[in-house]
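The values are calculated or read from the model by the stated rules, or taken from the named source; none is laboratory data. Model, not experiment: these values are computed from the prediction. Because the Cβ atoms are built from the backbone with ideal geometry, glycine has one as well, and the counts that use them run over all protein chains shown. In case anyone asks, the SASA skips ligands and DNA or RNA and just uses the protein heavy atoms, side chains included. Shrake-Rupley method; radii C 1.70, N 1.55, O 1.52, S 1.80 Å.
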Amino acid sequence: MLRKKLIAGNWKMNKTPADGAALAAELVTAAGKQTDVEVVVCPPFTALDAVGKALDGSTIKLGAQNLHPEASGAFTGEVSAPMLRALFTTHVIIGHSERRSLFGDTDAFVNLKVLAALKNQLKPILCVGESLAEREAGTTLKVVQTQLEAGLQGVSKEQAATLVVAYEPVWAIGTGKVATTDQAQEVHAYIRGLLTKLFTEPVAQRVRILYGGSMKPANAPELLAQKDIDGGLIGGAALEARSFLDL
Ligand code: PGA
């Protein structure tokens, strides 16, 4: 089955609402009508509203970078799935390696976030990936398996079809070191195999598996030509219209 490619921009902690809206407006002018590739931009919470307005009427979708599993309550500093939905957010990045390593997001907490997103009709972009030490120790596939299976506990077959998975080797994020196409394709095929076991073959064939980690216009074509690489989660190269549009 043909999967539409998906290019998602993870702006991380960059851009004010005004800067974000300006970038979104540039993207809309250049690519706001195309439907060949699905495009999602994920600004910080504070810019979601302004960016969402700038994207209004275009084919470019709005994503958040995180959420809290509870709908509301005493969780100072957090933002919930219903709050994101109220801003017309359609996607949410969950379990990014920066959340895991800097903010203590465990597999169990990532799982609660995935379930909360799905319950609120948000499409999770679930991130998995090994550190350099784990790759060198030969445990890449094991690490990815644990993160994926734990992150997807309790997800139904029907829900799984809306899922997006991002394979992001931690050592390739923001470092300029990109995984080779063989390294990436091996893990992507492995992830598709795990999804097949969890959710059946037809469902696994529908899930987009993105590559993330120093993806740039120069290295993207070769990565995106691989059988199981269905798009990219882009950090640095998503902050400027030119490089993001090239992707
Ligand atoms: P990068 O970030 O493209 O800057 O490596 C990717 C990511 O962290 O999602």
Going by the conditions given, is S131 within 13 Å of the ligand (Cβ to nearest atom), over 27 Å from V39 (Cβ atoms) and of a type outside the set (D, E, K, R)?
-> no
Would you list the strands (runs of 3 or more DSSP E) that sit entirely within region 1-66 and hold 3 or more residues that are of a type outside the set (A, V, I, L, M), more than 14 Å from T89 (Cα to Cα) and open to solvent by 50 Å² or more (accessible area, probe 1.4 Å)?
-> none
Matching residues in region 3-20 (more than 16 Å from the ligand (Cβ to nearest atom) and closer than 12 Å to P44 by Cβ) number 4
With respect to T200, is the statement that it is out of contact with any Gly (no Cβ under 6 Å at 6 or more places or on another chain), open to solvent by 50 Å² or more (accessible area, probe 1.4 Å) and within 25 Å of K113 (Cα to Cα) true?
-> yes
Filter region 87-135 for residues that are at positive phi and free of Cβ contacts under 8 Å to residues at least 60 places away in the same chain; the one that is surrounded by the most Cβ atoms within 10 Å (Cβ to Cβ) is G95
Output for region 223-246, where each listed residue is more than 16 Å from the ligand (Cβ to nearest atom) and either in a helix (DSSP H, G or I) or farther than 17 Å from T162 by Cα (or both) = A225, Q226, K227
In region 204-220, how many residues are more than 16 Å from the ligand (Cβ to nearest atom) and either open to solvent by 20 Å² or more (accessible area, probe 1.4 Å) or in a loop (DSSP other than H, G, I, E, B) (or both)?
-> 3
Residue among T180, T175 that alone is out of contact with any strand residue (DSSP E or B) (no Cβ under 8 Å at 6 or more places or on another chain), within 16 Å of the ligand (Cβ to nearest atom) and free of Cβ contacts under 8 Å to residues at least 12 places away in the same chain = T180
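Listed here are the residues, each with its yes/no results for (1) without any contact (Cβ under 8 Å) to a residue 40 or more places away in the chain; (2) among the aromatic types (F, W, Y); (3) within 16 Å of the ligand (Cβ to nearest atom); (4) open to solvent by 10 Å² or more (accessible area, probe 1.4 Å).
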residue	(1), (2), (3), (4)
Q159	no, no, no, yes
A166	no, no, yes, no
W171	no, yes, yes, yes
Y190	no, yes, no, yes
T196	yes, no, no, yes
Lone unmet requirement of (1) more than 16 Å from the ligand (Cβ to nearest atom); (2) in a loop (DSSP other than H, G, I, E, B) for K142 = (2)
